[in-house]
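Inspection log for the structure reproduced underneath, given as structure tokens.
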Amino acid sequence: MGKILTQKDIKNLKYQFGTVDDVKLRMTLAGLANKYSEEIREMVYRAYQDDQLASIYRRWRASGFQKGSKNGAHHREIVRFPNGYIFDFVDTVLTALYGPKWMQNTKAMKHELVRPWHIVEHL
């Protein structure tokens with residue numbers, strides 16, 4: 001099940017998995033109005049604000065799914081986007097900021113648009 005969190009743990013979790021700034025998210029989505037329809041922009045916005053979806057990702061991180069198995073094999077998946085539209089949105093924004101190989105950039109992988117979709121406890 002869960003572990004008792006210390007104050008330090010809570011601060012680290014808040015930093016790593018905090019919600020995306022609402023104003024920044026709305027402005028970014030508005031800036032991509034020519035790429036995405038209103039329905040897709042609304043779906044992306046709701047995904048970032050969905051407490052139930054965030055809870056699922058918290059459980060994945062807490063489950064130890066990413067830790068090595070008994071035979072030494074490790075899962076290499078760091079992030080799992082909930083759907084293709086979310087990935088395309090993140091890819092569009094981060095490609096503009098970090099270039100086409102943003103998934104190989106540690107700083108990009110810690111970006112606030114990616115953090116909610118991490119399935120590992122830390123990078």
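The values are calculated or read from the model by the stated rules, or taken from the named source; none is laboratory data. None of these values were measured; they are calculated from a predicted model. Here the Cβ is made from the backbone with ideal geometry for all residues, glycine too, and neighbour counts use every protein chain on show.
Considering each residue of segment 78-123, count those that are at pLDDT 90 or above, out of contact with any Ser or Thr (no Cβ under 8 Å at 6 or more places or on another chain) and among the β-branched types (Val, Ile, Thr), and give that number. Qualifying residue count, segment 78-123: 7.
Looking at segment 1-64, what helices (runs of 4 or more DSSP H) fall wholly within it and have at least 1 residues that are modelled with pLDDT under 90 and not basic (Lys, Arg)?
Working: elements: 7-17, 22-31, 38-49, 51-63.
Correct list: 7-17, 22-31, 51-63.
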